[in-house]
Structure formats: C-alpha cells, structure tokens
Amino acid sequence: MQITEIYKSLQGESTHAGLPCVFVRLTGCNLRCSWCDSEYTFTGGQRKSVEEIFEEVRRLSPKGGLVEITGGEPMLQERELVPLMQRLLDDGYQVLLETSGERPLARVPAGVIKIVDVKCPHSGEPDTFDMSNLACLRPHDEVKFVISDREDYAFAREFVARHRLSDRVNAVLFSPAFRKDANGARDASHCLLDPQQLAEWMLADDVPARLGLQIHKFIWDPALKGV
Ligand code: SF4
C-alpha cells in the first residue's frame, strides 16, 4: 500500500473526537476539494505491506483502541485496504474509515465505522457523492458535510431531510470549512464560515445534525501535520 504517515494523536472529528487514535493516512486522492488540508498526501508516500502497517499500529497502540484509516482517499487502495481493516477488526481494534463518498463502499467490512463525506456545492467537488452508498450506510456510521457558506448549508440541510439521514446513521455532522493555509492562531478565525453562524442556522432550522469542529486545529497549530 502507498502510505503517507502513521501516527498517534487525538481524534479531532466525529463522535469519537477527543479520544486517542492511531491514524493510518493513505497516499493519493482523485478529488481536489477547494479547502483540502491534506494536499501533501496527493503524491509521495512509502510502500508498506498490510503486515507492516498492522505491526506499526500495534507498536503505537498495543492495547487496542481506535484506528482511523484516512487520506487522501483510502478507498482508492481498496484491494489491500479491505484485508487490512478486517485484520485490525479481528485483532480487536475499533476501526474508523474517513472517505470522500465518491468511491463505492459496498466492500467495506461490516464492523468498520464509516465516516462518509457528502461534498457540498462550494467544495470544488459537488455532485461526487456515489448515491449507491446510501444503501451501504449502517446505524453505527456517520455522514459529514463540510460547509463554507449559506448555500452549502442549505444543500446539506435538504440532503439530510430528503434521505432521512438522521434515521439511518449514528450522527450527521455539519462542520465549518477551515482555511487550508491556516497557521498560528488556534481559534475560529481560520474558519471559512463562523461556527457561531452555522450554529445559529442549525438551531433556527432544528436540523437533526451535530456541529463538528476539528478540535486538533484548536489544540495544535493548524499548520502542523501528523497531529
Ligand atoms: S477528498 Fe479529502 S483528501 Fe481528497 S481533495 Fe477532498 S478533502 Fe482533500
């Protein structure tokens, strides 16, 4: 597999935010989101076997716990990724898969918690969500919308309602987009959409979703990688 980095940190997003987690970040993505903070994953990386990755996870977190498979877009390496995720599950790890929603998810092992993006109009990659993935969602999964303005918010709100997402999954996440060149201040000044504004819209509309902040960008310098 082509791997950009493997490291241990605190989970920054989802309902698992704040928990210790080993991140396995795969190289390569076929999308180009306008606010992407992971462009360094598009090229490079190192070849590692499933066994080498598994051993590195075990070294970083020998007592089990949370492992997130992320990228880039991990499902571009589906052929080797599926056995890796199954191996981690079999060894007792709780496995999260962060994915753009553009790749088919039917072969993801049932025990994996999928955190699936639906790209909004101003992401730079609208209409990329594979609608067949709606049928692959399980009650423990989460669906995430990264929102940069009112039009993105309206799209997300309507998508959630039309597909009854809050009945299908454990959490629907609305997250304000963050500037990809953010550095220095560990506060909300780098958000493309003020979290307070997003919160007010969500409250006014009674949206069945959870406001998500990328807490690692408030703990460490937002320019830091590998945290
Ligand atoms: S899908 Fe993820 S890694 Fe790929 S461009 Fe979009 S934000 Fe970046």
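If you put +1 on each Lys and Arg Cβ and -1 on each Asp and Glu Cβ, how big is the dipole of the chain around its Cα centre, in Debye rounded to 20? Could the numbers behind the result be given before it?
Details: 27 positive and 34 negative charges, 97 e Å.
About 460 debye.
Can you list, by residue number, the Cys in the chain that have no neighbouring cysteine C-beta under 4.7 Å?
Lacking a cysteine Cβ partner under 4.7 Å: CYS21, CYS29, CYS120, CYS136, CYS191.
Given a 1.4 Å probe and every protein chain left where it sits, what share in percent of the accessible area of the stretch 32-177 is carbon and sulfur?
Details: 2950 of 6270 Å².
Summing carbon and sulfur atoms, their accessible area is 47 percent of the total for the stretch 32-177.
Could you name the aspartates and glutamates whose alpha carbon sits less than 13 Å from that of LYS48, not counting residues in the same chain fewer than 8 places away?
Hits, sequence-local ones excluded: GLU5, GLU56, GLU80.
Positive end of the dipole of the chain, charges at C-beta (+1 Lys, Arg; -1 Asp, Glu), about the Cα centre: which of PRO62, PRO109, TYR153 has its Cα farthest in that direction?
PRO62
Tell me the label-point distance for the pair ALA185, ARG150, using the 7 Å Cα-to-Cβ offset, in nm and rounded to one decimal.
2.4
What nm value, rounded to one decimal, do you get for the distance between ARG162 and TYR40 when each label is placed 7 Å out toward the C-beta?
3.7
Where a Cα-Cα gap under 17 Å defines reach, which lysines qualify for LYS119, not counting those fewer than 8 residues away within the same chain?
LYS144, LYS180
As I understand it, the dipole of the chain uses +1 on the Cβ of Lys and Arg and -1 on the Cβ of Asp and Glu, about the Cα centre. Which of THR15, LEU31, ALA223 lies farthest toward its positive end?
Working it through, the farthest residue towards the positive pole turns out to be THR15.
How big is the charge dipole of the stretch 98-160 about its Cα centre, in debye rounded to the nearest 20, if each Lys and Arg gets +1 on its Cβ and each Asp and Glu gets -1 on its Cβ?
Working: 8 positive and 12 negative charges, 61 e Å.
That gives a dipole near 300 debye.
Using helices alone, I'd like the mean residue ellipticity at 222 nm for the chain: each DSSP H run of four-plus residues gives -39500 (n - 2.57), total over residue count, nearest 500. The partial results should precede the final answer.
Details: 6 runs with 56 residues, N = 227.
Value at 222 nm, helices only: -7000 deg cm²/dmol.
Working from the pairwise distances between different alpha carbons, so that the mean of 1/r is found and then inverted, what is the chain's Kirkwood radius in Å? Before the final figure, lay out each step's value.
Details: mean 1/r = 0.0562 Å⁻¹.
Mean inverse Cα-Cα distance, inverted, gives 17.8 Å.
Full extension from ALA110 to VAL227: what is 0.36 nm times the residue separation minus their Cα-Cα distance, to one decimal in nm? Present the calculation step by step, with values, prior to reporting the outcome.
Details: separation 117, 0.36 × 117 = 42.12 nm, distance 2.79 nm.
Roughly 39.3 nm would be gained on extension.
Going by amide H atoms built from the backbone, whose H comes under 5 Å of the H on LEU211, apart from near neighbours?
The answer is PHE174.
Return the FRET efficiency for the residue pair ILE219, ARG59: r is the Cβ-Cβ distance, R0 is 25 Å, and the value is rounded to the nearest 0.05. Walk me through the numbers on the way to the answer.
Details: r = 24 Å, r/R0 = 0.94.
Working from the Cβ atoms, E equals 0.60.
For the stretch 62-171, what is the largest minus smallest coordinate of the Cα atoms on each principal axis, given in angstrom and ordered from greatest to least?
Principal extents (largest minus smallest coordinate, Cα): 44, 27, 24 Å.
The values are calculated or read from the model by the stated rules, or taken from the named source; none is laboratory data. None of the values given here were measured: they were computed from a predicted structure. Neighbour counts are summed over all protein chains in view; Cβ atoms, including those assigned to glycine, are modelled from backbone coordinates with ideal geometry. Note: accessible area is taken over every heavy atom of the protein model, side chains too, but ligands, DNA and RNA are not part of it. Shrake-Rupley method; radii C 1.70, N 1.55, O 1.52, S 1.80 Å.
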